[in-house]
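The values are calculated or read from the model by the stated rules, or taken from the named source; none is laboratory data. No experiment lies behind these values; they were computed from the predicted model shown. Quick reminder, even Gly has a Cβ in these numbers, built from the backbone with ideal geometry, and neighbours come from all protein chains shown.
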Amino acid sequence: MSNHQFYGKHLIASYKGCCSKVINDPEKIKKIMTLAIQISGATILNDSDFTFTTDDPSVVGYTAVFLLSESHASIHTYPEYGCAFVDLFTCGTTCTWEEFHAAMIKGLRSESQDFKIIQRS
């Protein structure tokens, strides 16, 4: 039986004005997500990702989903707009979305963010 309660918080965020060198680098994005997840207190079980290439080599989109012991996290980048959509859903009370969010802002060098927290139960 899981030690996670039937309770959770779901962060849904848009990170805007991201550093172009970061948002166009799938390896950096994966490292940022991994670190942010670890900082939040969550445990990564597995991940899957895909890099989108275009005719313009300076624009490389990236999508990744992380399966967590506590639930999941995902990112979808739109480098042509300098933006990323991200979510983090964690069950129980041991993980902190605030730490994850702060690490994402710092890592992406995001100039502005829109986000909301959904209480799940």
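Worth a mention:
- Any helices (runs of 4 or more DSSP H) falling wholly within the range 16-112 and containing at least 3 residues that are touching an Asp or Glu at 6+ places or on another chain (Cβ under 8 Å) and modelled with pLDDT of 95 or more: 26-40
- Residue list for the range 1-41, restricted to those being more than 15 Å from the chain's Cα centre (by Cα), without any contact (Cβ under 8 Å) to a residue 12 or more places away in the chain and farther than 29 Å from GLY92 by Cα: LYS21
- Of residues in the range 1-11 being surrounded by 15 or more Cβ atoms within 10 Å (Cβ to Cβ) and at pLDDT 80 or above, the one nearest to SER112 (Cα to Cα): LEU11
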